[in-house]
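Q: Before I ask anything, here is the structure I am working with.
The values are calculated or read from the model by the stated rules, or taken from the named source; none is laboratory data. Please read all numbers here as calculations on a predicted model, not as lab measurements. For neighbour counting, all protein chains shown are included, and Cβ atoms are generated from backbone atoms with ideal geometry for every residue, glycine included.
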Amino acid sequence: MITGATSGIGFATAKLLAKKGYNLIITGRRNDKLQEIKEKLTHKYGVEIITLCFDIRDNTAVELAWNSLNDTWKNVDVLINNAGLAKGLAPVHQGSLSDWETMIDTNIKGLLYISRIVTQVMVSQHKGQIINVCSTAGHEVYPNGNVYSATKYAVDALTKSMRLDLYKHNIRVGQVSPGHVEQTEFALVRFDGDSEKARIYEDFSPLKAKDVANAIYYMISQPGYVNIQHIMLMGTQQAGSNFINRNGRLVE
Ligand code: NDP
Ligand code: 8X3
């Protein structure tokens, strides 16, 4: 089950896992995208795909979507908590309450709503794996990143606490923490659709969504007794949230 599979890292992960033969539950708010992805991946890879269209900030919608699944589909092997976003980039005294609430409700509360419900089944089955998509911003801060970073620090704390809560139930919990990732809608969403402001990847080579998908696949393809707890990855030209060599893109 991949939350936020309509674009970026979630979509790249859906493509890779379908290619590897996984049946998928993909979620997001844009039903047209979900249907398009389902059609493309089932046709290309012959896997089964269920789409669930809901807003992860709304626990009633999360429960309704979940309850539409039959027992076989509820038996989720891997939950990839990817749905998330940044909104705005402003110092704390100029921050937008609405942006803050959107980030907190999506990145923390949404992740908790879906995890609570899916882990109930995993515990009853005594198996499962959770992968949270955190960020480098969940381990260090940068100017004006305040609340987004706070939500990702919370994701890091939840990864660690969920592992403590669930390891006795044979459930693996880990996270990926990428630096900048292109081929995503992340910057466009952060800057409210302003494509000029969102041009933040042109003077260096960040990660691509598929690189994060590869890290996720590495984690889930290990033998059941191995839990990769954390993968942090950045493009070669990035050495931290505040250290990016913007001297031009690398030749691929
Ligand atoms: P995208 O904007 O491309 O993807 C975000 C996904 O989250 C979309 O599928 C979107 O679906 C879904 N989503 C957002 N809000 C909601 C909501 N309220 N309810 C349901 N689904 C929602 O960005 P990325 O692929 O970059 O982001 C994926 C994750 O990676 C996020 O958690 C982000 O914080 C993290 N990340 C991104 C980095 C980057 O540089 N791009 C770096 C480090 C971490 P829809 O719009 O259809 O609802
Ligand atoms: C996305 C990476 O540095 O824009 O999580 O916060 S950053």
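Q: Going through the range 110-144 one residue at a time, which ones are outside any helix (DSSP H, G or I), buried (at least 21 other Cβ atoms within 10 Å of the Cβ) and within 16 Å of ligand 2 (Cβ to nearest atom)?
A: Ile131, Asn132, Val133, Cys134, Ser135
Q: Now for a separate question. Do you know which residues across the range 223-246 are of a type in the set (A, V, I, L, M), within 22 Å of the chain's Cα centre (by Cα) and over 28 Å from Val78 (Cβ atoms)?
A: The answer is Ala239, and nothing else.
Q: Let me ask something else about it. For the range 162-181, state whether one or more residues are of a type in the set (Val, Ile, Thr), crowded, with 18+ Cβ neighbours inside 10 Å and within 25 Å of Glu101 (Cβ to Cβ).
A: There is at least one residue in the range 162-181 that is of a type in the set (Val, Ile, Thr), crowded, with 18+ Cβ neighbours inside 10 Å and within 25 Å of Glu101 (Cβ to Cβ).
Q: For Val251, only one of the following conditions fails: (1) in a loop (DSSP other than H, G, I, E, B); (2) of a type in the set (Val, Ile, Thr); (3) at pLDDT 95 or above. What is its number?
A: Unmet for Val251, out of (1) in a loop (DSSP other than H, G, I, E, B); (2) of a type in the set (Val, Ile, Thr); (3) at pLDDT 95 or above: (3).
Q: When you go through Thr60, Thr72, Thr106 one by one, which is the residue that is part of a helix (DSSP H, G or I), closer than 22 Å to Ala157 by Cα and out of contact with any strand residue (DSSP E or B) (no Cβ under 9 Å at 6 or more places or on another chain)?
A: Thr106
Q: Exactly one condition in (1) within 15 Å of ligand 2 (Cβ to nearest atom); (2) surrounded by 21 or more Cβ atoms within 10 Å (Cβ to Cβ); (3) of a type outside the set (Phe, Trp, Tyr); (4) more than 18 Å from Ser135 (Cα to Cα) is not met by Arg199; state its number.
A: (2)
Q: Conditions first: (1) touching a strand residue (DSSP E or B) at 6+ places or on another chain (Cβ under 9 Å); (2) within 16 Å of ligand 1 (Cβ to nearest atom); (3) in contact (Cβ under 8 Å) with a residue 40 or more places away in the chain. Phe186 passes all but one, so which condition is the exception?
A: Single failed check for Phe186: (1).
Q: Oh, and also: Restricting the range 1-21 to residues that are in a loop (DSSP other than H, G, I, E, B) and touching a residue at least 40 places away in the same chain (Cβ under 8 Å), which is surrounded by the fewest Cβ atoms within 10 Å (Cβ to Cβ)?
A: It comes out as Lys20.
Q: Read through the list (1) in contact with a Ser or Thr (Cβ under 9 Å, 6 or more places away or on another chain); (2) over 18 Å from Ile114 (Cα atoms); (3) within 14 Å of ligand 1 (Cβ to nearest atom), then give the number of the only condition that Ile200 fails.
A: Here Ile200 clears every test but (1).
Q: Check the range 148-165 and report whether any residue there is of a type in the set (S, T, N, Q) and in contact with a helix residue (DSSP H, G or I) (Cβ under 8 Å, 6 or more places away or on another chain).
A: Among the residues of the range 148-165, at least one is of a type in the set (S, T, N, Q) and in contact with a helix residue (DSSP H, G or I) (Cβ under 8 Å, 6 or more places away or on another chain), which makes the answer yes.
Q: Which members of the range 110-167 meet the condition of being more than 10 Å from ligand 1 (Cβ to nearest atom) and among the charged types (D, E, K, R)?
A: Once the filter is applied, which keeps residues that are more than 10 Å from ligand 1 (Cβ to nearest atom) and among the charged types (D, E, K, R), the range 110-167 yields Arg116, Lys127, Glu140, Asp156, Lys160, Arg163, Asp165.
Q: Please verify whether Asp194 is surrounded by fewer than 19 Cβ atoms within 10 Å (Cβ to Cβ), within 18 Å of Gly145 (Cβ to Cβ) and more than 11 Å from ligand 1 (Cβ to nearest atom), treating the condition exactly as stated.
A: yes
Q: Quick check: anything in the range 136-145 within 21 Å of Thr27 (Cβ to Cβ) and either touching a Ser or Thr at 6+ places or on another chain (Cβ under 8 Å) or of a type in the set (A, V, I, L, M, F, W, C) (or both)?
A: No, the range 136-145 has no match at all.
Q: Sticking with this one: Of all residues in the range 145-180, count the ones that are under 16 Å from His230 (Cβ atoms), within 12 Å of ligand 2 (Cβ to nearest atom) and either at pLDDT below 95 or among the aromatic types (Phe, Trp, Tyr) (or both).
A: Looking only at that region, the number is 1.
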